[in-house]
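First up is the structure itself, then whatever we jot down about it.
Please treat every number below as a calculation from the coordinates, not as lab data. Since we're looking at a predicted model, the values are computed, not measured. As a convention, Cβ positions derive from the backbone with ideal geometry for all residues, glycine included, and neighbour counts pool all protein chains shown.
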């Protein structure tokens, strides 16, 4: 049985939340990194999926994108760190807006600006504030800074790897 955690520790996984064993290696939403996640009761798939669906109500997707009905199940009997469902919804949201900006950046000026503004609001999410390791925050900041200057390279690589 695995407990899936929220903290990201490698730029190669950039946005996706890595599956880890029960080791206390990650922090949940609102929890400092020094606290062990093993002190918190893990969520069942149903609880994690409810968290995912609740967070969907707080996020707006591009018009052409639809939410999945449920978050992907990693395995029967798996348990999930509190906050994992929230981070999965926020990750889907970020990928959706990144894909939108990449697809319209060269042809739809005002819409592209709006998509980039939506992407930049990732810094207000628990995904960025709590789940991202410092190096992933730096990578995300670099992607957004380059995109703001009109350079799609870093964001495109991130989408290819993680979305």
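Numerical summary
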read-out: Convex hull volume of region 124-163 per residue (C-alpha atoms, cubic angstrom); value: 70 Å³
read-out: Ascending count of other beta-carbon atoms within 10 Å, so fewest first, for 41, 71, 159; value: 41, 159, 71
read-out: Sorted peptide list for 58-68, 84-94, criterion being average Cβ within 10 angstrom, highest first; value: 84-94, 58-68
read-out: Mean-position separation - Cα centroids, region 136-159 and region 91-118, in angstrom; value: 12 Å
read-out: Spin-label model distance (nm) - residue 47 vs residue 117, 7 Å beyond Cα toward Cβ; value: 3.9 nm
read-out: Point-to-point label distance, residue 106-residue 76, nm (Cα→Cβ direction, 7 Å offset); value: 4.8 nm
